[in-house]
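The structure under discussion appears below in the form of structure tokens.
Where a number appears in this text, it was derived from the coordinates with a stated rule and is not lab data. The structure displayed is predicted, hence computed values, not measured ones. Using ideal geometry, Cβ is built from the backbone for each residue, glycine included, and neighbour counts are taken over all protein chains shown.
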Amino acid sequence: MAKEIEFKHGAPENTDSVWEVWIDNRHFIFQKTRQEGGVFLYSCETKTGDTESVTSFFCDRNLMPEELEALPQFVAFISATM
């Protein structure tokens, strides 16, 4: 009789994270939040005086902070807010 082998797959329980980055004396806050369905919401925000700027997008990949900070959409956002 063959023995049944069970494999457990899935994402880590808590993949949410927030980190801060200073670029040319500007404060940026990055955030990664796992959503239902296994996708992630990534966002970047900065505040200058009374103006707050935020951009975000959904992705099915669990990106590392270095990968996220190098994505073209965030590089363009950071450049546009400088």
Sequence ranges 60-66, 40-46, 72-78, ranked by mean other-Cβ count within 10 angstrom, highest first: 40-46, 72-78, 60-66
5 angstrom amide H check on Ile23, placed H, neighbours 5+ away: Phe28
